[in-house]
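Colleague: Dropping the structure in here first, questions after.
The values are calculated or read from the model by the stated rules, or taken from the named source; none is laboratory data. Remember, predicted model here, so these are calculated numbers, not experimental data. For neighbour counting, all protein chains shown are included, and Cβ atoms are generated from backbone atoms with ideal geometry for every residue, glycine included.
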Amino acid sequence: MGPVSLQVRYRPMRIGWCVDGESLTDFELAVRFSHTCWGGRYNPIIPCANPEMASALISGFKVDALYDISKTETISDFIKQHSHIPWPDFRQELYKSHGDSSYASVLDVVHPVRHIHDDHVKDRETPTLPSHLYEWKESDPLHYVFLATLGAYPSKEAIGRDYADLFKRGLKPSIVPLSERDEVPRDVFRHLTPATLTSSELEEIELGISAWRAPGFYLGDASDFTDLVNYWNLRASNIDLFFYDRAHGERLDSLRSAYSELLQKRPTREPWPTYVKVWQKTRGGDAAPFQGELTLATMTPGLFNGLNLNPPSMGFARQSVLGTSSEHGEATSVTFQFPSKPFFVDDFRYHDQKVVVSVQASEVLESDSLFTPPFIPQLNEYYGRSAYFDYDKVRAEPNSLGIICSVTKEQLTLRALPFSEIISKTFNAFGIKATPSSAGLVGRRLIEQMGGLQGCRVFKIEGVRNLIREHSPTKAFDRSAAIRTIGKNDPVTGRPNFEDFKRLHIELRDHRDLKPEDALTYLLAKGVFQVGLTLKCSVCELDFWLGLDDVKSQVRCLYCGKEFNILMQLRDRAWAYRRSGLFGRDDHQKGGIPVALTLQQLETALHGSLKCFTTAMDLEPQGAAVPKCETDFVALITAGIRDDRPLQLLIGECKDRGGEITASDAANLKAVAEAFNKSPFSVYILFAKAGEFSTDEIDHCKSARTTIGTHVVNNVILLSQRELEPYFMYSQSEKLFDIQSSAVSLMDMALNTHNIFFEPRAKIVSESSSPKSE
């Protein structure tokens, strides 16, 4: 095997701090723990007493592991319900004892302190990067706000290590006391503090649409648990917010004014909106302390729907490496050396610290397996056992695979995962048993025989499909008849009707336009047809066909078994062709040709978003409310930026020209799609036909649209012969309908389906553009 190009990025583990009830003590402990972690500012606090919000936070923040702060049975049960993100060690320890001290089990702030000390403090009389360590009394009414905003560390007695002393010795900060009587300094947001230290050197990665990330203020009660947790989690989403409590306005007004002035001076271009966002716990609050252009927002579980607020993952700069691939049986693996590390490994106390190594490999779709499997967190254990052989150390990521490992690890080996296995596990995770059907095995082999999906372009030619369909495996035909069928020659003039396909690229050729004979030559090269002779036995006088490889002067009759000499028959014999191999089956390849054609068109239209696919699968319930049925193909697709989820599941039903989409077909696929309503991906249903849909078929397909509550989701796609045959899916349809001509996502295709088939929007041709009679 050859080298594999990989993109590797280190990132800190993202920990979800699980708290029970409304204990401010638990809130404080979670915040102090966070400030010892590199990347700790981005660790959410999970209020498990509110299950809906807790689940939304875990999903929205793409949490790597949960940590039990409250130590209650409720939290323990909650963590067990999220077994796909286990703590990556046998014991759940944040700090490990070593003699009289302890060390962190995850990347901690020792590393950025050392970096800043070496670059800005060491051998300097005054640090070139000033830092502040703010101190206040625990009796201060703003105590918890200061904790969340400015940062503070656990005591040495509590965890075995003095991080406050580390901050002082390493950064030489200014010690700034905060009095309960004085205003909060108006410049606190301009200095390096324990809170900002946790974000040092990190950058946003995997950021999708996030419409509500404007900086601003949180308006709430400085002693209210929910307000404080909301405030922390919004800042953990990398939103620059400051807390404002009206009851302490005299202390906070100076900071509010200074920060408001700063926000008003922002550039007006994207991504900086001109308004200031003010967050509250409930709707309808009074935002009187704030002036100017404001937008009010509240913290709800629906906020983390993938569009409104999409907390970015935070990590270090991405690096390129080359891996070496190898094959072991049917499995392919890649091994690579780690690139340079942004953290230290020269102290034994760091050796057990965990870091996430995010790996993205270059993929070849026709390889039928993936090094970077789809973002389905529910499959973390499967990914761990099959790709890395350590069940609790792997995390699915939107465009990569995260491996939790020691900071001292120097190389990694990953195994590619087969498409069919990934998709079967995906269905299993949501209560459906999925196994490749006999039709699926035939379809997969058909695509392999043609050299992959793009090798199936030749099936766009209707004459090719007709040639395969009209001749049984035992029926031979000559070359001229084959060329006439492929070219759809006019029966009167004899001229081919091949204009729509003359620019079709199926392989390199030395002339501009594709001809019917080129298509036939391609089919012969791919083993679709075999050349031979039709001979008549001189003994029993029955005709039979003999392949070219078996032709010799003396042949044995297939029927009577007698040998005879064929030389006298050659002078008036033309070569005869028959379907061969897989295409020699007398079952229309179990519908494999329209499936291959549909998948080829999807791969072309989606421009690399087709993550993996498998041909027909048998489905049966294993907890989900679905009937026992079959789907002709399943595909996993990387979603576009307009979609609220990073991944899409596409299930399809494909028919040849004479097939029919039945009401049962539509009802079955609708039930399957609705079984994934609570999955991390959007589900689409595709009906394809290498012909035209009847009115009844269109009605059946329309009824398959998923319903969530009373809402009907526009998630059904129809592709007829008109959409399957052109290189650009809608190049013919756009001449007839008012649609989006360039569809690059499933969402676009579903919208076009609505405007072509369900509620047709015929294109209006203006009078000036219509042809005039002479």
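Colleague: Evaluate the following for TYR103: is it assigned to a strand (DSSP E or B), among the hydroxyl-bearing types (Ser, Thr, Tyr) and either on the phi > 0 side of the Ramachandran plot or more than 32 Å from the chain's Cα centre (by Cα) (or both)?
Modeller: Yes; evaluated as a whole, the condition is true for this residue.
Colleague: Name the residue, out of ILE69, ILE45, that is more than 29 Å from the chain's Cα centre (by Cα), crowded, with 21+ Cβ neighbours inside 10 Å and not assigned by TED's automatic domain parsing to the domain that holds ILE376. Lay out the reasoning, then the answer.
Modeller: Details: ILE45 fails: more than 29 Å from the chain's Cα centre (by Cα).
Exactly one of ILE69, ILE45 is more than 29 Å from the chain's Cα centre (by Cα), crowded, with 21+ Cβ neighbours inside 10 Å and not assigned by TED's automatic domain parsing to the domain that holds ILE376, namely ILE69.
Colleague: Given the residues ALA596, ALA616, ALA666, ALA574, which is the only one that is closer than 30 Å to LEU520 by Cβ and assigned to a helix (DSSP H, G or I)?
Modeller: Testing whether each residue is closer than 30 Å to LEU520 by Cβ and assigned to a helix (DSSP H, G or I) leaves just ALA596.
Colleague: Next question, about the same structure. Can you find even one residue in the stretch 145-166 that is among the hydroxyl-bearing types (Ser, Thr, Tyr), farther than 21 Å from CYS37 by Cβ and at pLDDT below 95?
Modeller: Within the stretch 145-166, not a single residue is among the hydroxyl-bearing types (Ser, Thr, Tyr), farther than 21 Å from CYS37 by Cβ and at pLDDT below 95.
Colleague: Of all residues in the stretch 454-474, how many are under 19 Å from GLY581 (Cβ atoms) and not in a loop (DSSP other than H, G, I, E, B)?
Modeller: Selection size over the stretch 454-474: 10.
Colleague: Another question about this same structure. Within the group LEU309, LEU296, LEU322, which residue is farther than 24 Å from LEU370 by Cβ and touching a strand residue (DSSP E or B) at 6+ places or on another chain (Cβ under 6 Å)? Break it down stepwise before answering.
Modeller: Working: LEU309 fails: touching a strand residue (DSSP E or B) at 6+ places or on another chain (Cβ under 6 Å); LEU322 fails: farther than 24 Å from LEU370 by Cβ.
Only one candidate qualifies: LEU296.
Colleague: For the stretch 612-639, what are the residues that are closer than 19 Å to THR706 by Cβ, within 12 Å of the chain's Cα centre (by Cα) and in contact (Cβ under 8 Å) with a residue 60 or more places away in the chain?
Modeller: Residues satisfying the conditions are LEU636, ILE637, ALA639.
Colleague: Looking at the stretch 131-143 only, could you name the residues that are over 19 Å from CYS37 (Cβ atoms) and either in contact with a Phe, Trp or Tyr (Cβ under 8 Å, 6 or more places away or on another chain) or in a helix (DSSP H, G or I) (or both)?
Modeller: Scanning the stretch 131-143 gives TYR134, TRP136, ASP140, LEU142, HIS143.
Colleague: Of everything in the stretch 706-715, what is without any contact (Cβ under 8 Å) to a residue 40 or more places away in the chain and buried (at least 20 other Cβ atoms within 10 Å of the Cβ)? Give them in sequence order.
Modeller: Result: THR706, single match.
Colleague: On to the next question. Out of THR149, THR128, which single residue is part of a helix (DSSP H, G or I) and among the polar types (S, T, N, Q)? Talk me through it step by step, then tell me what you get.
Modeller: Working: THR128 fails: part of a helix (DSSP H, G or I).
The conditions single out THR149.
Colleague: Another question about this same structure. Given the structure, is LEU606 within 19 Å of GLY455 (Cα to Cα), crowded, with 16+ Cβ neighbours inside 10 Å and among the aliphatic types (A, V, I, L, M)?
Modeller: So LEU606 passes the test.
Colleague: Could you list, in sequence order, all residues of the stretch 405-420 that are over 20 Å from the mean Cα position of the chain (by Cα), part of a strand (DSSP E or B) and over 14 Å from VAL334 (Cα atoms)?
Modeller: Correct list: CYS405, SER406.
Colleague: Report yes if some residue within the stretch 646-654 is touching a residue at least 40 places away in the same chain (Cβ under 8 Å) and surrounded by fewer than 20 Cβ atoms within 10 Å (Cβ to Cβ); otherwise report no.
Modeller: no
Colleague: Looking for something in a strand (DSSP E or B) and not polar (S, T, N, Q) - is there at least one such residue anywhere in the stretch 108-122? Steps first, please.
Modeller: Applying the first criterion (in a strand (DSSP E or B)) to the stretch 108-122 yields 108.
From what is left, the residues that are not polar (S, T, N, Q) are 108.
Yes.
Colleague: Take the residues of the stretch 725-752 that are aliphatic (A, V, I, L, M) and farther than 25 Å from PHE681 by Cβ: which is surrounded by the fewest Cβ atoms within 10 Å (Cβ to Cβ)?
Modeller: LEU736
Colleague: Quick one: which strands (runs of 3 or more DSSP E) lie wholly within the stretch 309-402 and hold at least 2 residues that are more than 21 Å from the chain's Cα centre (by Cα), farther than 21 Å from GLY40 by Cα and of a type in the set (S, T, N, Q)?
Modeller: Once the strands (runs of 3 or more DSSP E) in the stretch 309-402 are filtered for at least 2 residues that are more than 21 Å from the chain's Cα centre (by Cα), farther than 21 Å from GLY40 by Cα and of a type in the set (S, T, N, Q), what remains is 319-328, 331-337.
Colleague: To continue, here is another question. Among the candidates LEU365, LEU370, LEU379, which residue alone is modelled with pLDDT of 90 or more and closer than 14 Å to PRO418 by Cβ?
Modeller: None of the other options fit; the residue is LEU379.
Colleague: Right, here's the next one. State all residues of the stretch 519-570 that are in a loop (DSSP other than H, G, I, E, B), in contact (Cβ under 8 Å) with a residue 60 or more places away in the chain and in contact with a Lys or Arg (Cβ under 9 Å, 6 or more places away or on another chain); if no residue qualifies, say none. Quick ask: steps written out before the conclusion?
Modeller: Filtering the stretch 519-570 down to residues in a loop (DSSP other than H, G, I, E, B) leaves 526-528, 537-542, 551-553, 557-562, 566.
Next cut, in contact (Cβ under 8 Å) with a residue 60 or more places away in the chain only: 526-528.
Selection gives VAL528 alone.
Colleague: Pick out the one residue from ASP478, ASP500, ASP490 that is without any contact (Cβ under 8 Å) to a residue 24 or more places away in the chain and surrounded by fewer than 20 Cβ atoms within 10 Å (Cβ to Cβ).
Modeller: Unique residue meeting the criteria: ASP490.
Colleague: Could you identify the single residue in GLY547, GLY494 that is over 38 Å from the mean Cα position of the chain (by Cα), closer than 23 Å to GLY584 by Cα, of a type in the set (Gly, Ala, Ser) and modelled with pLDDT under 90?
Modeller: GLY547
Colleague: If a residue must be of a type outside the set (Ser, Thr, Tyr), part of a helix (DSSP H, G or I) and more than 22 Å from GLU183 (Cβ to Cβ), how many such residues does the stretch 218-260 contain?
Modeller: Of the residues in the stretch 218-260, 7 are of a type outside the set (Ser, Thr, Tyr), part of a helix (DSSP H, G or I) and more than 22 Å from GLU183 (Cβ to Cβ).
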